[in-house]
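The values are calculated or read from the model by the stated rules, or taken from the named source; none is laboratory data. Note that the coordinates shown come from a computational prediction; the quantities given were computed from them, not determined experimentally. Using ideal geometry, Cβ is built from the backbone for each residue, glycine included, and neighbour counts are taken over all protein chains shown. The accessibility values were calculated without ligands, DNA or RNA, using every heavy atom of the protein model including side chains. Shrake-Rupley method; radii C 1.70, N 1.55, O 1.52, S 1.80 Å.
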Amino acid sequence: MLLSAGANPATVSALTGIPFGQNFIAGQGAYDQYDHSAKGWAFFTNNTWHVTDALEFTFGLRYTDETKEVTSRYSNTAPGNACAAAIARPIPAAARSAICAPGQDPAFNNVTTEQKRGEDRWGGTAKLSYRLNPSLMTYVSYAKSHKSGGFNLDRARLSAGGDQPGHQLPGRNCREL
């Protein structure tokens, strides 16, 4: 309906050559399962040194070690008939993209991926504060930390029938001043 602006429900059949009603079968579609685990440990300390009654230096240090694993099982209860036919036939690229939505792409028929990523990072903080009087304090601080990465479990691909699932997302360093 999208490809014909709602005017012809048989447009997909005309593009793929598959009989009407067999391209996208009612009640069928993507069925994905994920098994994810994460193990980690960290060591940290946060200390304050009273340089004078008014001046304090606070410093902290953190080490984090983390390992993540995921097993992804992608399947289509309807095996992507329309998309497979659209890839094989010379049809306009825009029509192919519309027909080959990730939930119908045959590249995801019975695909299992196993991914593992480990990260170990140091982070820390340093703060200098000065009490001008009992009611007023000024300070400056710096901190560096890390947010660990993960996995993209979406049916991501670069083109229809192309790029298999299993992309990792990198971790990010964070600084604050």
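The conditions of being touching a Cys at 6+ places or on another chain (Cβ under 6 Å) and not polar (S, T, N, Q) are not met by P90.
If you check R121, R89 for being of a type in the set (K, R) and more than 29 Å from T11 (Cα to Cα), only one passes: R121. Taken over the stretch 21-32, the criterion of being open to solvent by 80 Å² or more (accessible area, probe 1.4 Å) and at pLDDT 75 or above is satisfied by Y31 alone.
For residues in the stretch 61-83 being open to solvent by 40 Å² or more (accessible area, probe 1.4 Å) and modelled with pLDDT under 80, which is farthest from N133 (Cα to Cα)? Looking at residues that are open to solvent by 40 Å² or more (accessible area, probe 1.4 Å) and modelled with pLDDT under 80, I get N81. Looking for something open to solvent by less than 80 Å² (accessible area, probe 1.4 Å), over 17 Å from Q33 (Cβ atoms) and at pLDDT 85 or above - is there at least one such residue anywhere in the stretch 98-112? Checked the stretch 98-112: no residue is open to solvent by less than 80 Å² (accessible area, probe 1.4 Å), over 17 Å from Q33 (Cβ atoms) and at pLDDT 85 or above.
Only one of the numbered conditions (1) aromatic (F, W, Y); (2) more than 29 Å from the chain's Cα centre (by Cα); (3) surrounded by 14 or more Cβ atoms within 10 Å (Cβ to Cβ) is violated by Y139, and that is (3).
Of all residues in the stretch 126-136, which are under 42 Å from the mean Cα position of the chain (by Cα) and open to solvent by 70 Å² or more (accessible area, probe 1.4 Å)? Correct list: K127, L128. Tell me yes or no: at least one residue of the stretch 80-96 is in contact (Cβ under 8 Å) with a residue 24 or more places away in the chain, touching a strand residue (DSSP E or B) at 6+ places or on another chain (Cβ under 7 Å) and part of a loop (DSSP other than H, G, I, E, B). The answer is no; no qualifying residue exists.
Checking each residue in the stretch 113-142 for being closer than 30 Å to Q33 by Cβ and among the charged types (D, E, K, R) picks out E114, K116, R117, E119, D120. For the stretch 44-60, the set of residues classified as assigned to a strand (DSSP E or B) and loosely packed, with under 11 Cβ neighbours inside 10 Å consists of T45, N47, W49, H50, listed by residue number. Residue pairs whose Cβ atoms lie under 6 Å apart, sitting 6 or more positions apart in sequence or on different chains, and linking a residue in the stretch 34-46 that is of a type in the set (A, V, I, L, M) to a partner that is open to solvent by less than 100 Å² (accessible area, probe 1.4 Å) and part of a strand (DSSP E or B), are A38/K68; A42/T64.
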